[in-house]
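Working notes, structure below.
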Amino acid sequence: MNAPTNQQLIDFVIAEARLLDEQRFDDWLQLFAEDGHYWMPLAHGQTDAKLHASLLYEDKLLLKVRVERLRGARTFSQQPKSHCHHLLQMPSIEARDEATGIYTTRTAFHYVEARLDQQTLYAG
């Protein structure tokens with residue numbers, strides 16, 4: 001397999017946000033390898049999810065559970081369903097390691113979650 005170009009990495013980040021905004025959760029889940037993890041650090045500057053407390057550190061099974069909750073079929077907290085919108089700064093490529101297949105991107109963003117008449121804005 002060829003290493004992705006910088007533009008392909010940028011396109012991937014943008015496409016991931018769009019899948020979430022469009023509530024295409026099954027397609028979003030397909031982006032993750034079976035041994036992948038979704039990590040949201042608790043504090044700025046954390047470098048290892050296993051050495052620090054995290055807001056999220058989920059494997060693919062837990063991501064599937066999260067998607068089921070977001071679908072709202074059996075979850076009171078998602079009645080009615082929330083909707084989201086990502087506004088991304090152009091992603092940048094911070095590091096490339098073709099030998100290990102590890103690529104690091106950075107993207108400043110605003111994320112808005114809307115439910116009924118309430119909107120919550122997050123920035124990161």
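The values are calculated or read from the model by the stated rules, or taken from the named source; none is laboratory data. Because the structure is a prediction, the values reported are computed rather than measured. Here the Cβ is made from the backbone with ideal geometry for all residues, glycine too, and neighbour counts use every protein chain on show. For the accessible areas, the whole protein counts, side chains as well, though only heavy atoms, and no ligand, DNA or RNA atoms are used. Shrake-Rupley method; radii C 1.70, N 1.55, O 1.52, S 1.80 Å.
Can you tell me which lysines have their Cα less than 30 Å from the Cα of LYS50? Leave out same-chain residues fewer than eight positions away.
Excluding near neighbours in sequence, the set is LYS60, LYS64.
Round to a whole number: what % of the accessible area of the chain belongs to carbon and sulfur, probe 1.4 Å?
Details: 5010 of 9070 Å².
That share works out to 55 percent.
Under a 1.4 Å probe, what is the accessible area of the chain per residue, stated in Å²? Could you put the intermediate results ahead of the total?
Working: 9070 Å² over 124 residues.
Ligands and nucleic acids excluded, the result is 73 Å² per residue.
What relative contact order, as a whole-number percentage, does region 5-124 give when Cα pairs under 8 Å and 6 or more residues apart are counted?
Working: 152 pairs, mean separation 24.0, N = 120.
Contact order relative to length: 20 percent.
Under the rule of -39500 (n - 2.57) per DSSP H run of 4 or more residues, summed and divided by the residues of the chain, what mean residue ellipticity at 222 nm is obtained, to the nearest 500 deg cm²/dmol?
Computed ellipticity for the chain at 222 nm equals -8000 deg cm²/dmol.
What do you get for the angle between helix 6-21 and the principal long axis of the chain? Use alpha-carbon atoms, 0 to 90 degrees, nearest ten.
Once rounded, the angle reads 10 degrees.
I'd like the orientation of helix 60-71 relative to the chain: the angle between its Cα long axis and the longest Cα principal axis, in ° from 0 to 90, rounded to 10.
30
Relative contact order (percent) for region 61-124, with alpha-carbon contacts under 8 angstrom and 6 or more residues of separation? Walk me through the numbers before you get to the answer.
Numbers: 85 pairs, mean separation 16.6, N = 64.
So the answer I get is 26 percent.
Specify the longest stretch of the chain that does not include any exposed loop site, a site being one of the trypsin sites (Lys or Arg not before Pro) with a non-H, G, I, E, B DSSP assignment and at most 11 other Cβ atoms within 10 Å.
On the way: sites that count: LYS50, ARG74.
With trypsin sites (Lys or Arg not before Pro) excluded where exposed in loops, the chain gives 75-124 as its longest stretch.
Just the number, please: percent antiparallel of the DSSP beta bridges in the chain, rounded to the nearest 5. Mind showing how you got there, number by number?
Details: 22 of 22 bridges.
Given both bridge residues lie in the chain, the antiparallel proportion sits at roughly 100 percent.
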